[in-house]
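Colleague: Can you keep this structure in mind? I'll have questions shortly.
The values are calculated or read from the model by the stated rules, or taken from the named source; none is laboratory data. As the structure is a computational prediction, the values presented were derived from the model and not from experiment. All Cβ positions, glycine included, derive from the backbone under ideal geometry; neighbour counts span all protein chains shown.
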């Protein structure tokens, strides 16, 4: 075998090793979570509130809290993201659209904790207390640019001929967008929204000083709110073994939810393309 | 609401003249509403800069540029210097990039250039899943799996073989800069991989065909493709840098959280994002809070610039390949 062929096979092996190595890490992380988490998982754990060490307790309020925070954030973040994404795809080719697109794209990379600091200054400092509202606003801010980007991509995929057909039939621009283009891109937009939900479901840092966390079931906007991620963090950094086990079990719940969403998205997009 | 009204009019039995005006009005309202939504994103970013500057004004006035070079972080004495945090952020991010870049490029090359399509697609999905795992979960895993692994096996080995270097001195306790860098590397690998894949896929097939037709091996062809995609790969790396700088939970849980500057990778460090996460809720006193918000502002500005740069680099490849088609 000459030198060139040898280099070729060495490099092919190396890149394959990289790929399989990275996937091995994924399997190691997920496997360890499943292995550690499953033993502490029980019905009580899923419905109880956190209790002092030695008395059991669970993540019931944290699950409800995460869902409420997510629901509120989605209510604001998803429609706004879809609107901005639609704007960028349908009328965003001018200088203004270019600026908005650039800012939205750059916003995706801004650390989530910075949004938390901002909302802390705007909401928490003004009101004087940590609240569900502050947490939801933070998550919504994180969602907007993500939904914007996927919506723009999906709306742009809708063939021009469909728009032209509708316009030729005499439909006004806004009805073409609302009744033809958006429905055609709906699967893509929905999957983008789901990915954004999955992303903020895992957010921890910005919630530490906005929603803060709570040991009780709570449905009020103006009180601190528990979340799965913050609860995992609190359990994880505690010195108690029993709480570490709870951290793993809560992680198993969280990761299962997130992977579930990702796999559904994968399934939906696969059918389409 | 007004859109609904227009719709009702449309479906009613209007004469065509009125319908036309409604359509024009509808279009105008539609455009205005969407443009307002788009403007909102600019307003948010502007508000973020304004609010965080205003909230950190106390600290900016007190310390000026000295904030960036100050080495002491002592809330009790009211001394706030960001240098140890900037150092910790940069070193952990660079360490992460050193590990993640070659691996990510390797994965992307394998998935785009070498693996059969049937294998490449599910593998690409699995790599992307790594990015879906939340930061706090990586943190948990790092505390209980990575740190013990490093403490017992990796760090003693490094100390024995390369212990003469300043990077591998001190006590090996698992928690520290090295663990931070490794966990960041795992987290940014899927992000860099995804961009490099896109960039490689954007290189025209004709280039590969030309190289292969001239008798180049697969790897030689790949080298040509990589050379063509290099500014996009640079963009991917810069994007990874932005992520590594801003990553918070995992690194907060594993880096040790001590504001000291030490050459040794075994020693604990502290990052900008971590100090915000750890100390924000317990910040007593206006100056303390103000200093922490200034940290947030620095993080914002740095990541905004880094991400903007990454985007420009990635765009330049897209433009190049668009021209060559």
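Colleague: The conditions are (1) touching a residue at least 12 places away in the same chain (Cβ under 8 Å); (2) within 14 Å of chain A (Cβ to nearest Cβ); (3) surrounded by fewer than 20 Cβ atoms within 10 Å (Cβ to Cβ), and residue B:100 fails exactly one of them. Which is it?
Modeller: Condition (3) is where residue B:100 drops out.
Colleague: Something else now. Out of B:290, B:274, report the one residue that is over 21 Å from residue A:204 (Cβ atoms) and either touching a helix residue (DSSP H, G or I) at 6+ places or on another chain (Cβ under 8 Å) or touching a residue at least 12 places away in the same chain (Cβ under 8 Å) (or both).
Modeller: Values: B:274 fails: over 21 Å from residue A:204 (Cβ atoms).
When all the criteria are applied, what remains is B:290.
Colleague: Still on this structure: More than 10 Å from chain A (Cβ to nearest Cβ), assigned to a helix (DSSP H, G or I) and touching a strand residue (DSSP E or B) at 6+ places or on another chain (Cβ under 7 Å): which single residue out of B:234, B:227, B:291, B:211 fits that description?
Modeller: When all the criteria are applied, what remains is B:291.
Colleague: Considering each of A:79, A:111 in turn, give the residue that is out of contact with any strand residue (DSSP E or B) (no Cβ under 7 Å at 6 or more places or on another chain) and either closer than 19 Å to residue B:51 by Cα or crowded, with 24+ Cβ neighbours inside 10 Å (or both).
Modeller: When all the criteria are applied, what remains is A:111.
Colleague: Follow-up question, since we're still on this one. Report yes if residue A:118 is facing another protein chain (nearest Cβ under 10 Å), out of contact with any strand residue (DSSP E or B) (no Cβ under 9 Å at 6 or more places or on another chain), farther than 21 Å from residue B:35 by Cα and modelled with pLDDT of 95 or more, otherwise no. Even if it seems obvious, please write down each step before you answer.
Modeller: On the way: facing another protein chain (nearest Cβ under 10 Å): yes; out of contact with any strand residue (DSSP E or B) (no Cβ under 9 Å at 6 or more places or on another chain): yes; farther than 21 Å from residue B:35 by Cα: yes; modelled with pLDDT of 95 or more: yes.
Judged against the criteria, residue A:118 is a match.
Colleague: So residue B:71 ticks every box in (1) in a helix (DSSP H, G or I); (2) in contact with a helix residue (DSSP H, G or I) (Cβ under 7 Å, 6 or more places away or on another chain) but one. Which box is left unticked?
Modeller: It is condition (1) that residue B:71 fails.
Colleague: A further question on this structure: With respect to residue B:24, is the statement that it is more than 28 Å from the chain's Cα centre (by Cα), without any contact (Cβ under 8 Å) to a residue 40 or more places away in the chain and more than 8 Å from chain A (Cβ to nearest Cβ) true?
Modeller: No; evaluated as a whole, the condition is false for this residue.
Colleague: For residue A:165, state whether it is modelled with pLDDT under 90, over 26 Å from residue A:46 (Cα atoms) and either touching a strand residue (DSSP E or B) at 6+ places or on another chain (Cβ under 8 Å) or surrounded by fewer than 20 Cβ atoms within 10 Å (Cβ to Cβ) (or both).
Modeller: No; evaluated as a whole, the condition is false for this residue.
Colleague: Are there any helices (runs of 4 or more DSSP H) wholly within region B:85-190 with 1 or more residues that are closer than 30 Å to residue A:270 by Cβ, and if so which?
Modeller: B:117-132, B:135-141
Colleague: Next up: Check B:162, B:129, B:200, B:184 and return the single one that is assigned by TED's automatic domain parsing to the domain that holds residue B:268, over 23 Å from residue A:202 (Cβ atoms) and buried (at least 16 other Cβ atoms within 10 Å of the Cβ).
Modeller: B:200
Colleague: For the structure I just gave you, tell me whether residue B:241 is assigned to a helix (DSSP H, G or I) and either touching a strand residue (DSSP E or B) at 6+ places or on another chain (Cβ under 7 Å) or in the same structural domain as residue B:207 (by TED's automatic domain parsing) (or both).
Modeller: The answer is yes for residue B:241.
Rundown of residues vs (1) without any contact (Cβ under 8 Å) to a residue 12 or more places away in the chain; (2) within 14 Å of chain B (Cβ to nearest Cβ), yes/no style:
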{"residue": "A:158", "(1), (2)": "no, no"}
{"residue": "A:161", "(1), (2)": "yes, no"}
{"residue": "A:171", "(1), (2)": "yes, yes"}
{"residue": "A:175", "(1), (2)": "yes, yes"}
{"residue": "A:178", "(1), (2)": "yes, yes"}
{"residue": "A:181", "(1), (2)": "no, yes"}
{"residue": "A:189", "(1), (2)": "no, no"}
{"residue": "A:193", "(1), (2)": "no, no"}
{"residue": "A:198", "(1), (2)": "no, yes"}
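Colleague: Oh, and also: Within the bounds of region A:65-75, is there any residue that is more than 8 Å from every other protein chain (Cβ to nearest Cβ), in a helix (DSSP H, G or I), over 18 Å from the mean Cα position of the chain (by Cα) and at negative phi? Spell out the reasoning first.
Modeller: Our first condition is that a residue be more than 8 Å from every other protein chain (Cβ to nearest Cβ); within region A:65-75, this holds for A:65-75.
Retained after the next criterion (residues that are in a helix (DSSP H, G or I)): A:65-75.
Filter once more, keeping what is over 18 Å from the mean Cα position of the chain (by Cα): none.
Within region A:65-75, not a single residue is more than 8 Å from every other protein chain (Cβ to nearest Cβ), in a helix (DSSP H, G or I), over 18 Å from the mean Cα position of the chain (by Cα) and at negative phi.
Colleague: Right, next: May I ask you to list the residues in region A:12-51 that are assigned to a helix (DSSP H, G or I), more than 8 Å from chain B (Cβ to nearest Cβ), free of Cβ contacts under 8 Å to residues at least 60 places away in the same chain and closer than 20 Å to residue A:242 by Cβ?
Modeller: Scanning region A:12-51 gives A:35, A:43, A:44, A:47.
Colleague: If you don't mind, another one. Looking at region A:221-245 only, could you name the residues that are in a helix (DSSP H, G or I) and under 27 Å from residue A:133 (Cα atoms)?
Modeller: Passing the criteria: A:228, A:229, A:230, A:231, A:232, A:233, A:234, A:235, A:236.
Colleague: Outside the structural domain of residue B:276 (by TED's automatic domain parsing), touching a helix residue (DSSP H, G or I) at 6+ places or on another chain (Cβ under 7 Å), surrounded by 14 or more Cβ atoms within 10 Å (Cβ to Cβ) and under 29 Å from residue A:141 (Cα atoms): does that describe residue B:42? Break it down stepwise before answering.
Modeller: Working: outside the structural domain of residue B:276 (by TED's automatic domain parsing): yes; touching a helix residue (DSSP H, G or I) at 6+ places or on another chain (Cβ under 7 Å): yes; surrounded by 14 or more Cβ atoms within 10 Å (Cβ to Cβ): yes; under 29 Å from residue A:141 (Cα atoms): yes.
Against the criterion (outside the structural domain of residue B:276 (by TED's automatic domain parsing), touching a helix residue (DSSP H, G or I) at 6+ places or on another chain (Cβ under 7 Å), surrounded by 14 or more Cβ atoms within 10 Å (Cβ to Cβ) and under 29 Å from residue A:141 (Cα atoms)), residue B:42 qualifies.
Colleague: Looking at A:85, A:57, which one is surrounded by 16 or more Cβ atoms within 10 Å (Cβ to Cβ), touching a residue at least 24 places away in the same chain (Cβ under 8 Å) and at positive phi?
Modeller: On the way: A:85 fails: at positive phi.
Answer to the selection: A:57.
Colleague: Kindly indicate whether any position in region A:189-200 is assigned to a loop (DSSP other than H, G, I, E, B) and touching a helix residue (DSSP H, G or I) at 6+ places or on another chain (Cβ under 7 Å). Break it down into steps so the answer makes sense when it comes.
Modeller: Narrowing region A:189-200 to residues assigned to a loop (DSSP other than H, G, I, E, B): none.
No, every residue in region A:189-200 fails to be assigned to a loop (DSSP other than H, G, I, E, B) and touching a helix residue (DSSP H, G or I) at 6+ places or on another chain (Cβ under 7 Å).
Colleague: Something else: Could you list, in sequence order, the residues of region B:261-287 that are over 20 Å from residue B:183 (Cβ atoms) and either in contact with a strand residue (DSSP E or B) (Cβ under 9 Å, 6 or more places away or on another chain) or not in a loop (DSSP other than H, G, I, E, B) (or both)?
Modeller: First, the residues of region B:261-287 that are over 20 Å from residue B:183 (Cβ atoms): B:261, B:263, B:279-287.
B:261, B:279, B:286, B:287 - these are the residues of region B:261-287 that are over 20 Å from residue B:183 (Cβ atoms) and either in contact with a strand residue (DSSP E or B) (Cβ under 9 Å, 6 or more places away or on another chain) or not in a loop (DSSP other than H, G, I, E, B) (or both).
Colleague: Exactly one condition in (1) out of contact with any strand residue (DSSP E or B) (no Cβ under 9 Å at 6 or more places or on another chain); (2) surrounded by fewer than 24 Cβ atoms within 10 Å (Cβ to Cβ) is false for residue A:254; which is it?
Modeller: Residue A:254 satisfies all of (1) out of contact with any strand residue (DSSP E or B) (no Cβ under 9 Å at 6 or more places or on another chain); (2) surrounded by fewer than 24 Cβ atoms within 10 Å (Cβ to Cβ) except (2).
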